[in-house]
Structures are given as C-alpha cells and as structure tokens.
Amino acid sequence: MLTFATAGEIKNVLLLLADDAGFEMGAYLNKYCQTPNLDKLARKGLLFNNAFTSVSSCSPSRAQILTGQPSHASGMYGLHQGVHNFNVLPGTATLPNILREKSKGGVLSGIIGKKHVGSGEDFKFDFEQTEEQHSINQIGRNITRMKLYAREFLQNAKKQEKPFFLMVAFHDPHRCGHITPQYGEFCERWGSGEEGMGSIPDWKPIYYDWRNLQVPAYLPDTDVVRQELAAQYMTMSRLDQGVGLVLKELQDFGLEEETLVIFTSDNGPPFPLGRTNLYEHGIRSPFILASPNPKDRHLETTAAMTSLQDIFPTILDIFHIPMDNSSHTSSSSYTKSLLPLLKAEPPTNENDTVFASQNYHEITMNYPMRMIRTRRYKLIHNLNYWSYFPIDQDFYTSPTFQQLLNATMHHQQLPWYKNLLRYYQRPEWELYDIKADSLERYNLVDKPKYKGILKNLKERLLKWQIDTNDPWRCAPHAVLQSQGVFKKNPVCLSLGHEALAKRVTHYEKYILL
C-alpha cells in the first residue's frame, strides 16, 4: 500500500528544466549573466559541481529524466518532433504514468512548457500545457503565461489536497534564429516590448554589452561569439525571471515549505563542443536541489557524481514508490536517489562513475557514442568514427559556426585551440585526464602510461552496455547475435575488420551454427 510523506517531510516536487543551458549563472561564478532567482535558489539548497546528463540531446535527455534510463534502453534515440519521430519503446515505465498508477490517482502530475517526448500515452500527465496545445514560444518563453498555468495547477493541487509532481520546462535559452531570425539568434528580442516584438508583462529585459563579456575558454575568442553570448545571457535572464515567478506562486499557495525544488538543464549550450557532444560542455549540467526541510543541507555544494537519470529514483523515493526493476531493466542498478545527499556528503571515491549514451540528434545525425566518466578520467567510444561528426540545423546557421566554416574555407586563422577538421574527424577512442586537461585537448589512448586505465575503463563501459541491453554494444567491429542458438548467451561476432586491414591471401572456412 502506498503511503505519503508525513508532516514535516517533503510532499511535493517542482522540477524546473532549462533548454540548452550551461553554467551561465552567478551561482556557478559567471560574473556577467544576471540570475538572481537561481542564485537565491542555490543559496537555499544544495549546488552540484559534478552533475551530468547521460545524453546531449533534447528529447533523449527529457526521456532519461522521466524514465531513469539511457537513451539506448528507453528507445528515445533522438529528437521526437517532426520527421525525426523518435518515441520510447512500448511498455517503457515513465514518471507520470507510474505516479498515477501506483498512487491510484493520489499524486497529481503536471507539465508546463516544452514536453518534446513521445508517445503521448507513454508520458501522460494529469495536467498538460505544452507545445502540443500551444506554439512553443508562447508556452516555453512567455513567462507570464507559464506563471498563470503554474497558478492553475497549484490551485488544483491545493483544492484536491493532493501531493504533486510539476515539471516546468522552459524553452529558453534554446536557439531560434534558424526559424524566426527576426527575434534574434536566441529569441532574445521576442516579447521584449520593442517595435514588432510583442511584450511579456512579467519580463524586464536585461541588455548585455557584448564588448565587455569574457569568452569561455572552450569557445573561439571572437566578437561574433561575444555577441552570441550577449543574446544567450539575455534569454537566460528571462528564464531566471520565470523561475522567480513560479517560485512566487509556490510561496503564495503556502506550498513552499513542503516542496522539493530541482533545477537543471537538459544538455549543454548549442556551441562548438557543447550540445550533441559528449565533451564536458555538452554533458556537464547545472543542478540545484533545494529542500524545504531546515535540517537538510542548505548553502552548500556537493562533489557527488550525479546523473540526470538519478532524478527518476529521487522522485519515486519522495513518494515512497519502489523501483520496479522488472520493467525498468537493470538500468536501475546505475541510478540512485539523491535524497541522502541532503543529509550528508558521501565519501569521495576516485572510481565514482557516470555514463553517457548518444545515438542521434536529428534523424540524419547517425553518430552513436558511448562514454564513461570517473572523477578524473573520461573515455569516449565513437562508434561511427570513420564518418564526419554531424552538425545539426540550428547550430549550422549560427553566427559562431558560420564564422568557423567561412574561416576554414578561406584558410583564415581563428583564435581557437581546435580547428574544424579536428572537430569533424574523431578517432574511435578518446581518453582524457580531466583534472590535468579540462579542455580535453590531449587524447591519451596511445600513451603506454595509461594502458591499464584504458583497459579498465573499456571493460567497465562494456559491462554497462551489456547490463543496460545496449543494441550497439558490439559495434563497430562486430555484430550482435542474440537470437536462435545465441538467445540465452548473446555474443559479438567479428566482422573481420582486422583482416581487412591486411592483404587477404586466403579465406578461412566458415561453419554455420
């Protein structure tokens, strides 16, 4: 029988999700971007310094949060909308469905803003105001409308006296320049009150002088990038003001003292080495866990290695719903509730690990990658390494990428530690010492000193792939056989790549089992 939290415990969950945000926050020591509401939330809660998404793409990331599974296990391999059409596999357990079924309707679920996962029946919230009912800007960037829908949801929860899980998913600071360039590269002018831009009553636009901004070390140090950062910061400030509005609604309904607030982003910013990449700026996530319990940790940071997949068991833990391993696959052995972190910092272990699984972004971007990241080392396996790394549409048209492209085509130098050819051409294996090389400039795969570390990380990565039933676990040099005589003991059978690299003088006889 399901039991709910008793008096004095956390009863509700509010998940605030940004779209393509990095660490553009004062709480993460950004000196320029003004985010007073997020900074205040960080002071009231626990700030994570080692939180990672398990996939650097929008729909798969939202699916990982709502299923607790990597993208190769849930089936949300890439973007959901339009021609991409990715959906989770039939029968996949999701948070809104589990909460409704296990509580027999006792827990109210809601989503406001960008949903971007499917199918609809697999992610069926009790209350939905998303791009499925509205235009994406009106429901994801119009913070006044989002505030009013949050008010409606909280009013219903209060009236029905039900605990709730509410996900408010902002569309900021996602790019929009390739669809509606009149609003700016990040829709920073949309709703600003300028002529032809419309207005959002609750938004007080903050304009940033690009000439004063400092370019993060991983990006080209150019004026074009500074101008893009100014636009991105403007939309981050709109998101921040939206966060403040939603938290004010929570307070006005008297629900602040019984609600756990989570803030994070689905993946990294849409810049080079960011979104769609498994490099640090593609997978590292801002993360705040703010508990209303005065005995929990506040105004502290944690170094715990955390995956966004951990949100799933954390929310189930709050509502005292056990994880159903039979339907969840063995992914559950790689996720954990974050509630114990609110009580104490766990001992540090150098082998603490997070994993990542990237398959597609857009349907044409066939570049599966797998990653294991410990506190010090990262190993990336590029399964389609003989192909160029693909570029998505909105990033391609961005001023930053166009500057990279044009400089390359005209043989001009850019102040960047990479070049476009190195960005496109990637080796099968990439090993980095993150402590010594935070920008991931030096691949250590061929260094004899790291032979033992490489072997250990490869073995652990493969075990995770096997445990989570990764269909790509034999790629790229073998084919998975898991049917017929191999059903009980799946095997990887060689494609002969090693032999193809040499001159073929004769063929071995093959025996069909």
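The values are calculated or read from the model by the stated rules, or taken from the named source; none is laboratory data. Just so it is clear, the model here is predicted, and its values are computed rather than measured. Cβ sites come from the backbone with ideal geometry, for glycine too, and all protein chains shown count toward neighbours. The area values use the complete protein model at the heavy-atom level, side chains included, leaving out ligands, DNA and RNA. Shrake-Rupley method; radii C 1.70, N 1.55, O 1.52, S 1.80 Å.
Once the Cα-Cα distance is subtracted from the 0.36 nm per residue extended length, the Lys488 to Lys204 segment shows a gain of 96.1 nm. Using just its DSSP H runs of length 4 or more, each adding -39500 (n - 2.57), the chain gives a mean residue ellipticity at 222 nm of -8000 deg cm²/dmol after division by all residues. DSSP assigns beta bridges within the chain; of those with both partners inside it, close to 50 percent run antiparallel. Projected onto their three principal axes, the Cα atoms of region 101-203 cover extents of 49, 29, 18 Å, largest first.
Cysteine residues of the chain whose C-beta has no other cysteine C-beta under 4.7 angstrom: Cys33, Cys58.
Counting only Cα atoms, the size of region 51-95 along its three principal axes is 31, 23, 16 Å, in decreasing order. Centre-to-centre separation between the Cα atoms of region 419-491 and those of region 202-242: 36 Å.
Loop-located trypsin sites (Lys or Arg not before Pro) across region 246-331 with a Cβ neighbour count of 16 or fewer within 10 Å are Lys295, with loop assigned by DSSP. Each of the peptides 193-199, 483-489 was scored by the mean count of other Cβ atoms within 10 Å over its residues; in descending order, highest first, they stand as 193-199, 483-489. Compactness ratio for region 118-274: Cα radius of gyration over 2.2 N^0.38 Å (N = residue count) comes to 1.15. Ellipsoid semi-axes for region 281-366, based on the Cα gyration tensor and the rule √(5λ), read 26, 18, 13 Å when sorted largest first. Measuring r between the beta carbons of Lys158 and Ile466 and using R0 = 41 Å, the FRET efficiency lands at 0.30. Take 167-174, 316-323 and order them by the average number of nearby Cβ atoms within 10 Å per residue, most first; the result is 167-174, 316-323. When semi-axes √(5λ) of the Cα gyration tensor in Å is computed from the coordinates, the matching label among (1) 43, 25, 20; (2) 37, 30, 21; (3) 42, 31, 25 is (2). Using +1 at the Cβ of each Lys and Arg and -1 at the Cβ of each Asp and Glu in region 120-208, identify which of Tyr149, Ala169, Gly191 lies farthest towards the dipole's positive end. Positive-most Cα among the choices belongs to Tyr149.
Of the two radii for region 240-289, the radius of gyration is 1.18 times the Kirkwood radius, both from the alpha carbons; that is the Rg over Rh value. Rolling a 1.4 Å probe across all protein chains gives Tyr32 an accessible area of roughly 70 Å². Need one word for region 376-448: rounded, prolate or oblate. Basis is the Cα gyration tensor (sqrt eigenvalues a ≥ b ≥ c); a/c below 1.5 gives rounded, then a/b vs b/c decides. Taking the square roots of the gyration eigenvalues as a ≥ b ≥ c, region 376-448 is prolate. Estimated at 0.36 nm per residue, the fully extended path between Gln425 and Leu480 surpasses their Cα-Cα distance by 17.2 nm. Each peptide among 15-24, 299-308 gets the average number of other Cβ atoms lying within 10 Å of its residues, and from highest to lowest they stand as 15-24, 299-308. Each pair of Cα atoms in region 364-502 enters the Kirkwood radius, and Stokes-Einstein at 4 °C and 1.567 mPa s then converts it into a translational diffusion coefficient of 74 µm²/s. Taking the protein heavy atoms of region 254-349 in the context of the full set of protein chains, the accessible area attributed to carbon and sulfur is 56 percent at 1.4 Å. Summing Lys, Arg as +1 and Asp, Glu as -1, what charge do residues with Cβ under 13 Å from the Cβ of Gln481 carry, Gln481 excluded? Result for the neighbourhood of Gln481: +3. Extension gain for Asn443 to Glu345 (0.36 nm times residue separation, less C-alpha to C-alpha distance): 32.1 nm. Both radii were evaluated on the Cα set of region 208-263; the Rg over Rh quotient, with Rh as the Kirkwood radius, amounts to 1.23. Determine the alpha carbon to alpha carbon distance for each of Lys115/Lys204; Lys40/Lys115; Lys204/Lys336; Lys40/Lys343 and list only those over 32 Å. Going by Cα-Cα distance, Lys204/Lys336 fall outside the 32 Å limit.
Scaled against the 2.2 N^0.38 Å expected of a compact globular protein of N residues, the Cα radius of gyration of region 1-109 reads 1.32.
Against the criterion of solvent-accessible heavy-atom surface with a 1.4 angstrom probe, Tyr207, Tyr424 sort, most first, into Tyr207, Tyr424.
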